[in-house]
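First up is the structure itself, then whatever we jot down about it.
The values are calculated or read from the model by the stated rules, or taken from the named source; none is laboratory data. As the structure is a prediction and not an experimental result, all values here were calculated from the model. Positions of Cβ are generated from backbone atoms using ideal geometry, with glycine treated the same way; all protein chains shown enter the neighbour counts. Each accessible area value is taken on the protein alone, full model and side chains, heavy atoms only, with ligands, DNA and RNA left out. Shrake-Rupley method; radii C 1.70, N 1.55, O 1.52, S 1.80 Å.
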Amino acid sequence: MRRLFASGTRALLAWGARAGVKPACGSGWLDSVMLGMTEGMLALDVEGRVIRVNSAACAMLGYEEHDLLGVAGEALLHAPRTRQPLALQVGEYMGQTCDGQAWLKCKNGGSLPVSWRYQPAWQGHELLGGVVLMRNLSRDREDDAHRRLLISALENVANGVIITDARARIKWVNAAFERMTGYSMSESVGLTPGRLLNSGAQSRAFYKNMWRTIRQGKVWHGELLNRRKDGTLYHEELTIAPVREENGRILHYVGVKQNVSKRKHSEREIHFQAHHDLLTGLANRRRLQQKLDESIPCCSGGRLLAVLFLDLDRFKPVNDRYGHHVGDQLLVAVADRLRSCVRGSDLVARLGGDEFVVLLDTIQTAEQAARVGRKILTALSQPLLLDGRDVTTSASLGIALCPHDGTDAATLLHRADQAMYRAKAAGRGRVSF
């Protein structure tokens, strides 16, 4: 028996060295090795019966040590689940080093999947027995199942997922990323997201801040305008999280992308409707108020702000004679002609009905405002073809100047409105201050 332990455990020396287990001095070194092993170990005699077992094997199978001593190794096989022998029998297998996988019987009646390796123990040409090392595969299978579950979840999640190495080279993308960007896995791997998707809309400072955040091990969140493979642009919401080793070194970055183009479009639509007249597309009263509040403080050092209040002459007869749909066409045509008469920095607004306001930002003289007013009246006096009919209209226009006529929005609009009524009273189709 001592010869078996002296020779049959040589296989444990190599394993113990790899596992970092140092045998104790003297005859107890085998106990030290066995105690430090996380794998199960069975020592068998030449007849294949268990003569030594470690605590890891007992814990694995649920037995006490005395339950296993003297038991034939083959008796531990769970025959209905086993496709190959455990190689613990005398004869053909006992003298060979071999390995495989098997299901072993547990004390509670269940079975356990293990991988095993058998190492024979020889004394010269005499076979003394052998040692079986066993590893519990159930945890590995649970880990594999967990990994498969995670991969499946990432693959089927609605958001795009991208995994890169520490140098931002793509290692893996999911199907949602492929649909979102138009780039397949094979086209993406090895490249950086910037090379694939950068639209040029974000500044260098934007990316510098992003990289500073994630390289510090922090999560970054923001919105980008990126470019698909087909060249079209899309808005995405991106979260990037670094993945660290235990020592803190960053190994990977995981990015989760959500296409928010529809949301951005809806936000623009809501903002537009809140600030514009739906019929003509001009600014509405709310937007005019905002623009006045922004521009009035700039009126200093000789810079003027002009408010031109415009009302169509005899608009009601057009509605009554031709119908409201022709009246609407007239308002849209007037809006187009007003736009054509002013600069891009000026604002044209419809207050309601046939009342319009033109805001001339930063002019130098009152004559500049009067010149624009006359230009507008000339443009509006030209005939319009509406619903197959020639319609001619005119307008009356009043002008108020900031800071001369007021330094707040309400006062300026009131003074311009008063000036417009003076123009009507004076015979219509003219400009009045």
| At a 1.4 Å probe, what is the % contribution of carbon and sulfur to the accessible area of region 375-433? | 49
| remark: With label points set 7 Å from each Cα along the Cα-to-Cβ direction at Asn108 and Ala379, the distance between them in nm comes to 8.6
| Mind listing the phi-derived Karplus ³J(HN,Hα) values for region 261-275, rounded to whole Hz, using 6.51, -1.76 and 1.60 with θ = phi - 60°, and x for any glycine or proline? | 4, 5, 5, 4, 5, 5, 4, 5, 5, 5, 5, 4, 5, 6, 10
| request: Determine the share of region 333-372's accessible area contributed by carbon and sulfur atoms, expressed in whole percent, with a 1.4 angstrom probe. | output: 49
